[in-house]
Amino acid sequence: MALPVRPSFDSAPKVTVIADSQPNEMKKLVEIRAYNLKPGGRKESHRLVLEKSMPLLEKWRVDVVAFGPSPHDENSYYLLRAYKSLEDRESSQGSFYRSDEWRKGPREEILALIESDTSIVIEMEEAVVDALRGTL
């Protein structure tokens, strides 16, 4: 059985982005975490995030930029968090995910609804991060 042929990135149109930024503009690292939820679990997952996870993240001063169900299918969810540096991300997540509040709190309920997840981290100007808040 032959595999489907996928288009090459080399043949994709090239896009040039011209940024109007100041050299000293503050930058942030933004983690984009994508979750593949178990079928039928998105509504419950969103409820748990709103009622349990977000209050904890706020208490731990995690800079959540945006979160919610992804509109492209019924089982995807996203979370965007901003950090000052990779070290800040590592320290913040380590402290939060090792805390008794998380481990003895909503951890098991939330993880039971997640099939898989992946994260990427990109650098953005702080103004771009601020513009994303509340728009996604």
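Quick notes on this one:
- Taking residues in the stretch 89-116 that are of a type in the set (Asp, Glu), and partners anywhere that are surrounded by 12 or more Cβ atoms within 10 Å (Cβ to Cβ), the pairs with Cβ atoms closer than 6 Å and at least 6 places apart or on different chains are 101/56; 109/48; 115/36; 115/38.
- Per-region count, the stretch 56-73, residues farther than 17 Å from residue 118 by Cα and loosely packed, with under 14 Cβ neighbours inside 10 Å: 4
- Residues located in the stretch 47-58, provided they are touching a residue at least 12 places away in the same chain (Cβ under 8 Å), out of contact with any Phe, Trp or Tyr (no Cβ under 7 Å at 6 or more places or on another chain) and under 19 Å from residue 31 (Cβ atoms): 53, 54, 57
- Condition met for residue 50 (modelled with pLDDT of 95 or more, closer than 17 Å to residue 134 by Cα and among the aliphatic types (A, V, I, L, M)): yes
- Annotation: residue 49 fulfils all but one of (1) in a strand (DSSP E or B); (2) in contact with a helix residue (DSSP H, G or I) (Cβ under 8 Å, 6 or more places away or on another chain); (3) aliphatic (A, V, I, L, M); the unmet one is (1).
- Residue check, residue 91 under 16 Å from the mean Cα position of the chain (by Cα) and over 17 Å from residue 135 (Cα atoms): no
- The condition of being among the β-branched types (Val, Ile, Thr) and modelled with pLDDT under 95 holds for residue 18.
The values are calculated or read from the model by the stated rules, or taken from the named source; none is laboratory data. The shown structure was predicted, so the numbers you read here are calculated from the model rather than taken from an experiment. Using ideal geometry, Cβ is built from the backbone for each residue, glycine included, and neighbour counts are taken over all protein chains shown.
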